[in-house]
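Step one of this worksheet: look at the structure below.
The values are calculated or read from the model by the stated rules, or taken from the named source; none is laboratory data. Because the structure is predicted, anything quoted here is derived from the model rather than measured. Neighbour counts are summed over all protein chains in view; Cβ atoms, including those assigned to glycine, are modelled from backbone coordinates with ideal geometry.
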Amino acid sequence: MASSVATRVLAPIGTAGKLFAFALDVGRSLFRRPFQTREFIQQAWFIASVTIIPTALIAIPFGAVIALQVGGLIKQFGAQSFTGSASVLAVVQQAAPIGTALLIAGAGGSAIAADLGSRKIREELDAMMVLGIDPIQRLVVPRVLGAMLVAVFLNGMVSVVGVAGGYVFNVILQHGTPGAYLASFTALAQLPDLWEGMAKALIFGLIAAIVASYKGVNAGGGPKGVGDAVNESVVITFIFLFIVNFVMSAIWIQLVPPKTG
């Protein structure tokens with residue numbers, strides 16, 4: 001009885017160790033040749049095709065909600081001139097990379113896990129290993145790099161659409177001044193804030209692709225096992241994303257002090 005309880009308690013630690021070892025294998029395979037250029041382009045295009053429309057749709061309400069909340073709060077302090085800058089900081093630093101990561105994990109990551117899981121239960125991955133082909137170098141690496149590339153571009157799109165949506169809602173619904181909204185961009189925001197968002201999107205895309213690939217490659221139990229792997233990959237990725245986002249934000253604040261205006 002005690003041994004079974006201990007096994008259940010230690011199981012997550014073992015899974016985390018296996019996931020970390022899988023990530024190391026992926027990192028080592030990044031430098032192996034030949035590089036699968038065609039597979040990389042196909043996977044990047046596929047991930048972009050399944051995520052670009054949902055990402056564009058969530059970018060508008062993200063910017064609108066932030067503009068409404070921040071604008072209403074700042075108005076109470078009589079600092080309406082900083083509404084644009086505060087909205088830009090919130091969108092670029094937090095909303096854009098997190099929104100991008102959620103879509104990459106929910107749409108792109110689930111597709112990656114389902115694809116690799118289907119190959120696993122059909123024993124295609126085992127057949128590749130018998131033929132001397134490394135599935136990680138052949139299948140996983142192009143998907144990881146594709147997810148990272150698409151995450152960076154989607155983050156830029158969400159940033160632009162979110163800021164534009166915040167501008168429209170602030171000017172129309174809150175009767176803000178267009179000139180003041182645009183002029184305040186540089187009051188608190190600075191160029192490193194944009195790099196922070198891009199770095200977060202890159203890391204989030206890496207995490208989403210590695211977790212999805214790991215769960216797909218290790219899927220078992222037939223079609224039901226593939227479905228479970230997809231669900232687990234999305235949940236685990238979401239947990240990792242929020243933890244890593246907190247850590248990266250805390251480190252970035254120490255490395256790049258906020259602009260005081």
Can you tell me which condition ILE253 does not meet? The list is (1) farther than 25 Å from ASP25 by Cα; (2) in contact (Cβ under 8 Å) with a residue 24 or more places away in the chain; (3) not charged (D, E, K, R), and all the others hold. (2)
Report every pair of residues separated by at least 6 positions or lying on different chains whose Cβ atoms are under 9 Å apart, first residue within segment 89-102 and more than 16 Å from ILE203 (Cβ to Cβ), second of a type in the set (Asp, Glu) and at pLDDT below 85. LEU89/ASP193
Where GLY146 falls short, out of the listed (1) in contact with an Asp or Glu (Cβ under 9 Å, 6 or more places away or on another chain); (2) farther than 17 Å from THR100 by Cβ: (2)
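SER118: surrounded by fewer than 24 Cβ atoms within 10 Å (Cβ to Cβ), at pLDDT 85 or above and of a type outside the set (A, V, I, L, M, F, W, C), yes or no?
yes
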If you scan segment 32-63, which residues turn out to be farther than 14 Å from ILE104 by Cβ and either of a type in the set (Phe, Trp, Tyr) or touching a Leu at 6+ places or on another chain (Cβ under 6 Å) (or both)? PHE35, PHE40, TRP45, PHE62
Looking at ALA127, ALA86, can you tell me which residue is at pLDDT 85 or above, over 22 Å from PHE204 (Cβ atoms), in a helix (DSSP H, G or I) and among the aliphatic types (A, V, I, L, M)? ALA127
Would you check if there is a residue in segment 57-75 being modelled with pLDDT of 85 or more and either more than 19 Å from the chain's Cα centre (by Cα) or under 30 Å from GLY166 (Cα atoms) (or both)? no
Does THR15 qualify as being crowded, with 18+ Cβ neighbours inside 10 Å and either at pLDDT 75 or above or in a helix (DSSP H, G or I) (or both)? no
Heads up, the helices (runs of 4 or more DSSP H) in segment 130-246 (entirely inside) with at least 2 residues that are at pLDDT 85 or above are 141-172, 191-217
Report, by residue number, each residue of segment 140-160 that is surrounded by fewer than 24 Cβ atoms within 10 Å (Cβ to Cβ) and within 18 Å of ARG32 (Cα to Cα). PRO142, LEU145
